[in-house]
Amino acid sequence: MDTSIASSAPAPEAATSNDVGGIAASQLRSFVDRIERLEEEKKGLADDIKDLYSEAKGQGFDVKVLRKIISLRKKSKEDRQEEEELLELYKAALGME
């Protein structure tokens with residue numbers, strides 16, 4: 001089956017022999033391959049993290065609280081304070097204090 005695209009416009013000078021419809025196929029394939037490799041690594045890391053949380057739970061740690069601690073450590077001190085102040089304000093507004 002012929003998959004070439006007929007065009008009356010001349011091919012651009014920068015086009016290479018592996019361009020398809022104006023897309024550099026080899027460059028696209030390289031990006032896709034790299035992304036797939038990284039996605040696979042990410043899955044492996046996610047599995048490792050899940051195992052660590054399971055291990056912590058087995059040692060008696062509360063995983064929900066541990067996740068919250070990890071989340072808080074990613075934020076700056078100022079961001080944490082702002083979040084805590086808003087949380088207290090919202091709780092007071094809802095009569096939870």
Exercise for the section: With r as the distance between the Cβ atoms of Lys75 and Glu97 and R0 = 25 Å, compute the FRET efficiency 1/(1 + (r/R0)^6) and round to 0.05. Expected result: 0.60
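Which entries in Lys43/Lys77; Lys42/Lys77; Lys50/Lys74; Lys43/Lys91; Lys57/Lys91; Lys50/Lys91 show an alpha-carbon gap greater than 26 Å?
Long pairs (Cα-Cα over 26 Å): Lys43/Lys77; Lys42/Lys77; Lys43/Lys91; Lys57/Lys91; Lys50/Lys91.
Here, each number is a calculation from the coordinates, and none is a lab measurement. Predicted model only: the values in this text are computed from it and were never measured. No Cβ is skipped: glycine too gets one built from the backbone with ideal geometry, and neighbour counts run over all protein chains shown.
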